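Let me begin by presenting the structure, written as structure tokens, before commenting on it.
The values are calculated or read from the model by the stated rules, or taken from the named source; none is laboratory data. None of the values given here were measured: they were computed from a predicted structure. Ideal geometry is used to build each Cβ from the backbone, glycine not excepted, and the neighbour counts take in all protein chains shown.
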Amino acid sequence: MLALLCGGQGTLSDRIFDLVAEQPAAEPVFAAATALLGADPRQFVRTRGADKLSANHSSQILTVTSTLAIHACIADLLTAETAVTGYSVGEMAAWSVAGVWTADEALRLTDLRARLMDGVAGPDGRLGYVRGLDRTTLESLLEQHRCAIAIRNPDLLFVIGGAEQDVVNLCQEAPAQGAARAGLLTVRIASHTSQLEAACEPLQHALAASSRAPITSQRILLAGDGGARIFSALDATAKLAGQVARPIDWAATLEALMEQGVDRVLDLGPGHALAEMMQGAFPSIRCYATGGFHSIGGLQRWIASR
């Protein structure tokens, strides 16, 4: 079975739309994003600086746009049963890939999600990462520096969140405590921590009131915070909304994909981090990222070759 992984926020390249920029199937996605960004996303990534691209609102919209534009160009070929899940804001895209929301609705709700998060986060939030520390040592550092785990990834890779200076201080101390690596991420908001608790309830109301359809019969939708299978989108809206202020267990999500019988993975991006995580955790799985294809035709042929 093929699994589609929808990526979260990270460093955005000015080339993230190159694969599908001229594809007619992606035009409705670009049009919907343009209405929210105030500029065509293909031009936005080429004309804005790094600070603007990493800003929470624009970053979330661009991330979901990239994923949904790719999906629009391959959707007709996904005729077999396919698993889908998303990493952080990537779960907004995953629900659309699974047929719950149209691309327009997914982007509208992503816009609202980002605005609600910005409205409660304060000016100094930040995410960082620590690799190679055991949980006990990491917990001690988190308590000392008033930070929290935002995402648990495979291979002792943790995303941490908190006030920016606290995250900086923790990342500086972590190598002395045995961490293999530590540093800041481009995300300037403490996603998936209690700093964003006030955004959960209004987001839940919006998700519950959204225009939805049943999950497509050929899709297996897994929650990105631990891999539980979602059978009813309405029943899962509270959990999806709550994730903005709760830690995500992405390592468990990847394990759940294995349990579903997945034997190949396509990382829809942006980037290729999710494919690398899956490959590292489960070397027997064939993992690919859309960014590794030189043309949309090549990607389409790969999907059709199954």
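Taking the criterion of being small (Gly, Ala, Ser) and either crowded, with 18+ Cβ neighbours inside 10 Å or outside the structural domain of Ala256 (by TED's automatic domain parsing) (or both), the residues of the stretch 211-225 that qualify are Ala223, Gly224.
Do we have any residue at all in the stretch 15-31 that's without any contact (Cβ under 8 Å) to a residue 60 or more places away in the chain, touching a Pro at 6+ places or on another chain (Cβ under 6 Å) and among the β-branched types (Val, Ile, Thr)? Within the stretch 15-31, not a single residue is without any contact (Cβ under 8 Å) to a residue 60 or more places away in the chain, touching a Pro at 6+ places or on another chain (Cβ under 6 Å) and among the β-branched types (Val, Ile, Thr). Taking the criterion of being in contact with a helix residue (DSSP H, G or I) (Cβ under 8 Å, 6 or more places away or on another chain), modelled with pLDDT under 95 and either farther than 21 Å from Val64 by Cα or acidic (Asp, Glu) (or both), the only residue of the stretch 235-281 that qualifies is Ala281. With respect to (1) at pLDDT 95 or above; (2) in contact with a Phe, Trp or Tyr (Cβ under 9 Å, 6 or more places away or on another chain), the lone exception for Lys52 is condition (1). Would it be correct to say that Asp104 is among the acidic types (Asp, Glu) and surrounded by 16 or more Cβ atoms within 10 Å (Cβ to Cβ)? Taking the combined requirement at face value, the residue satisfies it.
Among the residues of the stretch 170-197, which ones are in contact with a Cys (Cβ under 9 Å, 6 or more places away or on another chain) and either buried (at least 16 other Cβ atoms within 10 Å of the Cβ) or over 23 Å from Asp134 (Cβ atoms) (or both)? Within the stretch 170-197, Leu170, Ala179, Ala182, Ala190, Thr193 meet the criteria. Just so you know, in the stretch 254-271 the residues that are surrounded by fewer than 18 Cβ atoms within 10 Å (Cβ to Cβ) and under 19 Å from Leu299 (Cα atoms) include one that is nearest to the chain's Cα centre (by Cα), and it is Arg264. Does Arg113 meet the test of being within 16 Å of the chain's Cα centre (by Cα) and assigned by TED's automatic domain parsing to the domain that holds Ala245? Yes; evaluated as a whole, the condition is true for this residue. Filtering Ala228, Ala174, Ala198, Ala180 for residues that are in the same structural domain as Ala273 (by TED's automatic domain parsing), farther than 25 Å from Val84 by Cβ, of a type outside the set (Val, Ile, Thr) and at pLDDT 95 or above leaves a single hit, Ala198.
Of the helices (runs of 4 or more DSSP H) lying entirely inside the stretch 21-74, those carrying at least 2 residues that are crowded, with 23+ Cβ neighbours inside 10 Å are 27-37, 41-47, 56-74.
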